[in-house]
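> Shown below is the structure under consideration.
The values are calculated or read from the model by the stated rules, or taken from the named source; none is laboratory data. What you see is a predicted model, and the numbers here were worked out from it, not measured in a lab. Please note: Cβ atoms are built from the backbone with ideal geometry, for glycine as well, and neighbour counts cover all protein chains shown. For the accessible areas, the whole protein counts, side chains as well, though only heavy atoms, and no ligand, DNA or RNA atoms are used. Shrake-Rupley method; radii C 1.70, N 1.55, O 1.52, S 1.80 Å.
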Amino acid sequence: MAKAPADGDRAVRVRMAPSPTGPLHIGTARTSLYNYLFARHLGGTYVLRVEDTDAARGSDEFERDIIDNLHWLGINWDEGPQVAGGEDIGPYGPYRQSQRLELYAAEAERLLASGQAFGCYCTPEELEAMRREQEARKEPPHYNGRCRSLTDAERDAFLSEGRRAAIRFRVPDETVVFDDLIRGRVEIAAEALGGDRVIVRSDGSPLYHFVVVVDDAAMHITHVIRGEDHLSNTPLHVLLFRALGHEVPVFAHIPLILNPDRSKMSKRRSQTAISAYREDGYLPEAMVNFLAFLGWSPGTEEEIFTLDELANRFEIEHVHKAGAVFDKDRLDYLNGVYIRSLTDEQLAVRLRRFVSDALDDRGLVAVIPLIKERMVRLADARELVAFLIETDAEVADRYGPDELVPAKADAAGTAAALARARDEIADLAPDDFSTGELEARCRRAAEAIGWKAGDFFKPIRIGITGRSVSPPLFGSMELLGKDRCLARLDAALAKLATVVAA
RNA sequence: GCCGCAUUCGUCUAGAGGCCUAGGACACCGCCCUCUCAAGGCGGAGAUCACCGGUUCGAAUCCGGUAUGCGGUACCA
């Protein structure tokens, strides 16, 4: 079961910090999942914090999408907002950064007071010009320290020009070393950070790298599990934790999810919104199973796991180091596995919102045995059951007379065969209008005229369903009912007659 | 450019010095089953473990270098 936290008796606390600047992204979902599994495996606490400091790009709609889809996946949290715009729960709230501004201001003030940060009066235009010069000189772009040690007179001069100060963190000159649960020891020279970094804009709003550290410290986060794209930012974070006088958490940088061309998965090249997969009819169980295995493996050959089983088995040390291409084929396969594992009744509930109400609940449950193993996604059911919903005329409009004719037959022969089938079916008593009886009669009829069963069934299938590919024929006929079957076969016969006559 | 991380079948991965003539899954191919399509069963092909050098009796596994890929390099998150 749960083993002791890796770093002694400190209770594990992890967090997921999505930014509501877009719908829940596949990568964010997996990072959330890994955090969740890590916390549950160790009996720790899972915190959700909304990083909504970017008011211009963020929206309540996206926050709702993120929270809703996280819930849909089965990922729940112990602290944080429970519903979008709703009450937070937990002792370290509020859990939305837009409501924590006083804390950030106070922490920035502390850094200023201790001399670990300073006011910088350079304008964005000046900084841009400086960067361009450095680039022209083939130097790595970096802040040149112009405002590092301003005299009072210089400061007053800037102020009287109407300039407002941004706050910069004084980056010490050293090599930062930190341990990563997945990658081991990482060393990065602080020089690579490009000089003293702005932590509060000149308009007073704090920057991501600052608030993330302030909040992780304030919320007593012990393990920061996040995407590999944050690895290079980590030295800055370590330095800030130390400057603020807080314990540095343990880091774990998980590999990225990749487009087929191995670039970081993006909206441009892949479907990235979890909600889109949900609308296509992927099951959350399949999604979770798939995401968990994208970069992690239990080390055995088992591959089907529930969320709880994953939480039991998950070990962060076994997370793979390299990026993983999102393999849609594998997701499709897993989804099929999960669909087939449901009972007909369970499947009917999941399918309800994907299938028109023209097919009632009873009808839906009844057709499931015919379509269950033919679905990859729940949305596939729409096409699979369409023959039950479409009118006879709509079905007839789907095909031309030639399509009814099997490869080795002609129109006249097909018309005769189909007429024979029609008579057999018409002859059935209502009580005998069943899958078994239908099949037996049609097989006998095929044999009687010397046709292969497959050839004989082809025009029936197309006449009944309007399609050359369909769920099992006789089961479909039973569900359709005798009258509609006969009407559709008559329509097919009428079509054939037009080409036989010609 | 600079900094960092990575590199086992097409893809996801197993692999923690001898159990590896490298295992599994998806995809692919073939056969079987079969009313179409699926599902299922059986089988096949597919990786000189990026490359080069070391360490070792022995390396996919340890070390160094190279190459390639990716990520980062903001008063974005």
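> Strictly under 4.7 angstrom between C-beta atoms: which cysteines of chain A have no such partner?
A:Cys122, A:Cys442, A:Cys485
> What FRET efficiency do you get for A:Asp203 and A:Ser160 if R0 is 30 Å and r is their Cβ-Cβ distance, rounded to the nearest 0.05?
0.95
> At a probe size of 1.4 Å, how large is the accessible area of A:Ser98, to the nearest 10 Å²?
Accessible area, nearest 10 Å²: 50 Å².
> For the range A:348-389, what is the relative contact order in percent, using Cα pairs closer than 8 Å and at least 6 residues apart in sequence?
Relative contact order here is 51 percent.
> For A:Lys458, A:Lys138, give the ranking by accessible area with the largest first, probe 1.4 Å.
If we order A:Lys458, A:Lys138 from most to least accessible, we get A:Lys138, A:Lys458.
> May I ask you to compute the full-extension gain from A:Arg262 to A:Val337, defined as 0.36 nm times their residue separation minus their alpha-carbon distance, rounded to one decimal in nm?
Extending this stretch completely gives an extra 24.3 nm.
> What net charge do the residues around A:Ile199 carry, taking every other residue with its C-beta under 12 Å from that of A:Ile199, with Lys and Arg at +1 and Asp and Glu at -1?
Within the 12 Å Cβ shell, the charges total +2.
> Give me the one-decimal nm value for the distance between modelled label points at A:Ala407 and A:Ser232, 7 Å along each residue's Cα-to-Cβ direction.
Inter-label distance under the simple model: 5.8 nm.
> Give the ranking of A:Glu228, A:Glu61, A:Glu302 by solvent-accessible surface, highest area first, calculated with a 1.4 Å probe.
Result of the area sort, largest leading: A:Glu61, A:Glu302, A:Glu228.
> Pull up all non-local amide H partners of A:Trp296: gap of 5 or more, or a different chain, and H-to-H distance under 5 Å with H placed in the peptide plane.
Those qualifying (amide H under 5 Å, at least 5 residues apart or on another chain) are A:His320.
> Can you give the percent of C-alpha pairs in the range A:166-322 whose distance is more than 22 Å?
Tail of the P(r) past 22 Å holds 55 percent of the pairs.
> Can you pull out the trypsin sites (Lys or Arg not before Pro) in the range A:339-448 whose DSSP state is coil and whose Cβ has at most 13 other Cβ atoms within 10 Å?
The qualifying sites are A:Lys408.
> Go through the range A:127-133 residue by residue and turn each phi into a ³J(HN,Hα) via Karplus (6.51, -1.76, 1.60, θ = phi - 60°); whole Hz please, and just put x for glycine and proline.
The phi angles translate into 5, 4, 4, 4, 4, 4, 4 Hz.
> For the range A:356-462, how big is the tail of P(r) above 21 Å, as a whole percent of Cα pairs?
For the range A:356-462, the fraction of Cα-Cα distances above 21 Å is 49 percent.
> Okay, next question. Write down the accessible area per residue of chain A in Å², having rolled a 1.4 Å probe over the full set of protein chains.
That works out to 47 Å² per residue.
> Just in the range A:7-113: which trypsin sites (Lys or Arg not before Pro) are loop by DSSP and have at most 16 other Cβ atoms within 10 Å?
Counting only loop positions with at most 16 other Cβ atoms within 10 Å, the trypsin sites (Lys or Arg not before Pro) in the range A:7-113 are A:Arg10, A:Arg57.
> Considering all alpha-carbon pairs of the range A:100-254, what whole percent are spaced by more than 29 angstrom?
Counting every Cα pair in the range A:100-254, those more than 29 Å apart make up 21 percent.
> I would also like to ask the following. Carbon and sulfur: what percent of the range A:119-216's accessible surface (1.4 Å probe)?
The C+S portion of the solvent-accessible surface of the range A:119-216 is 49 percent.
> Charges at C-beta only: +1 for Lys and Arg, -1 for Asp and Glu. How large is the resulting dipole of the range A:1-156 about its Cα centre, in Debye rounded to 20?
720
> Something else about it: Taking the Cα centre of each part, how many Å lie between the range A:123-159 and the range A:273-323?
With the range A:123-159 and the range A:273-323 each reduced to a Cα centre, they are spaced 47 Å.
> Can you tell me the length gained on complete extension of the stretch A:Arg444 to A:Ala136, counting 0.36 nm per residue apart and subtracting the Cα distance?
Between A:Arg444 and A:Ala136, full extension yields 102.2 nm more.
> While we're looking at this one, here's another question. Per residue of the range A:243-252, what does 6.51 cos²θ - 1.76 cosθ + 1.60 with θ = phi - 60° give for ³J(HN,Hα)? Whole Hz please, x for Gly and Pro, Karplus curve as stated.
4, 7, x, 10, 5, 8, x, 7, 10, 8
> Computed over the Cα atoms, what is the radius of gyration of the range A:187-273 divided by 2.2 N^0.38 Å, N being its residue count?
1.27
> Something else now. Please state the charge dipole magnitude for the range A:348-389, taken about the Cα centre, from unit charges on C-beta atoms (+1 on K and R, -1 on D and E), reported in debye and rounded to the nearest 20.
160
> 5 Å is the cut-off here: which amide hydrogens, built 1.01 Å from N in the peptide plane, fall below it relative to A:Ile89, excluding neighbours closer than 5 in sequence?
A:Gly80, A:Gln82
> A:Cys120's amide H: which non-local residues (gap 5+, or another chain) put their own amide H closer than 5 Å, with H modeled 1.01 Å from N in plane and none for Pro or chain starts?
For A:Cys120, the qualifying residues are A:Ala166, A:Ile167, A:Arg168.
> So what J values fall out for the range A:278-291 if you push phi through Karplus, 6.51 cos²θ - 1.76 cosθ + 1.60 with θ = phi - 60°, rounded to Hz, Gly and Pro as x?
Result, ordered by residue: 4, 6, 6, x, 7, 7, x, 4, 5, 4, 5, 4, 5, 4 Hz.
> Going by Cα centres, the range A:171-196 and the range A:208-246 are how many Å apart?
Centre-to-centre distance over Cα atoms comes out at 12 Å.
> Continuing with this model, one more query. Considering only protein heavy atoms and a 1.4 Å probe, what is the carbon-and-sulfur percentage of the accessible area of the range A:348-389?
The computed percentage sits at 51.
> If you place +1 on the Cβ of every Lys and Arg, -1 on the Cβ of every Asp and Glu, and leave all else neutral, what size is the dipole of the range A:71-116 about its Cα centre, to the nearest 20 Debye?
Around 120 debye, computed over the range A:71-116.
> At a Förster distance of 56 Å, what's the computed FRET efficiency of A:Gln99 paired with A:Asp483, Cβ-Cβ distance as r, to 0.05?
So the FRET efficiency works out to roughly 0.30.
> While we're on this one: Reported to two decimal places, what Rg/Rh ratio describes chain A when computed on Cα atoms with Rh from the Kirkwood expression?
My calculation of the ratio gives 1.17.
> Given a Förster radius of 25 Å and the C-beta distance between A:Glu317 and A:Glu174 as r, what FRET efficiency does 1/(1 + (r/R0)^6) yield to the nearest 0.05?
Calculated transfer efficiency: 0.30.
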